[in-house]
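Notes follow once the structure below has been shown.
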Amino acid sequence: MGCQDMGALYAWWRGDPLPALAPLPGLVVQCCTKLPGAHHDLIQKPEEIQRRWQEGHRLYLAWIRQQLVAFGWVATRTAEIGELALRFSLSPDDRYLWDFLTMPSWRGQGIYPRLLQAILRLEETGKHFWIGHGPNNVASAHGILRAGFRKVIQVWRLPDGKLVCTTCDDQRAEAGAALLGLPLWRS
């Protein structure tokens, strides 16, 4: 049995270009500190939302004509990738973007990359932005790249169960592997 693909990590650093995306009529993105009750079940249970806020995570909502169309979270202190059993700390300059969802009836309209770009603009104090996706999640990979992120590492599970990274971008691979606390293999 060989190595198993466990997903990829991407980066966008302040000063990197943002590709021009045509405006999406009516799209509004905002950081939310209080969630209207009707939307709790779409995102998480209320106690989970409160826990995330207490841990310093920020919730971003995307609306079109007052209808919730997508959301995602930004970690500011610590982050976790449950599928990999990884928990890691973030420097004051780092942001980890996670747990994004576009409502099924709104998929395929380019909301995800626009939401990501809006977060990059709204998170004024962040300098290094990180986001990942699981293996075979082609839709997320496409949206992440379209938003202007660069793939920096690929994560693998070795036959013995350990996780390692391979480099996709030498300039930022070391920082990405260090963020996750994983060894970096160079090919």
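Observations on the model:
- Antiparallel beta bridges, as assigned by DSSP with both residues in region 81-187, represent about 50 percent of the total such bridges.
- For region 1-119, averaging the sequence separation of C-alpha pairs within contact (under 8 Å, six or more residues apart) and dividing by the residue count gives a relative contact order of 22 percent.
- Translational diffusion coefficient (Stokes-Einstein; Kirkwood radius from C-alpha pairs) of region 84-149 at 20 °C, 1.002 mPa s, in µm²/s: 165
- Accessible surface, 1.4 Å probe, highest first, among residues Trp130, Trp185, Trp106, Trp53: Trp185, Trp53, Trp106, Trp130
- For the chain: accessible area per residue (Å², 1.4 Å): 52
- The Stokes-Einstein estimate for the chain, based on a Kirkwood radius over Cα pairs and taken at 10 °C with 1.306 mPa s viscosity, is a diffusion coefficient of 93 µm²/s.
- Portion, in percent, of the accessible area of the chain that falls on carbon or sulfur, probe 1.4 Å: 54
- The chain - share of DSSP beta bridges that are antiparallel (%, nearest 5): 85
- The dipole here belongs to the chain: it is taken about the Cα centre, uses +1 on the Cβ of Lys and Arg and -1 on the Cβ of Asp and Glu, and is about 360 debye.
- Positive-pole candidate from Pro25, Ala85, Leu116, dipole of the chain, charges at beta carbon: Pro25
- Cross-link partners for Lys45 among the lysines, with Cα-Cα distance under 27 Å and sequence neighbours closer than 8 places in the same chain left out: Lys34.
- Ignoring lysines fewer than eight residues from Lys127 along the same chain, the ones with Cα atoms less than 19 angstrom from its Cα are Lys151.
- Net charge, Phe71 excluded, C-beta distance under 12 Å - Lys, Arg +1, Asp, Glu -1: +1
The values are calculated or read from the model by the stated rules, or taken from the named source; none is laboratory data. Small disclaimer: the values here were computed from a predicted structure and weren't measured. A quick note on method: Cβ atoms are made from the backbone with ideal geometry, for glycine too, and the neighbour counts reach across all protein chains shown. Note: accessible area is taken over every heavy atom of the protein model, side chains too, but ligands, DNA and RNA are not part of it. Shrake-Rupley method; radii C 1.70, N 1.55, O 1.52, S 1.80 Å.
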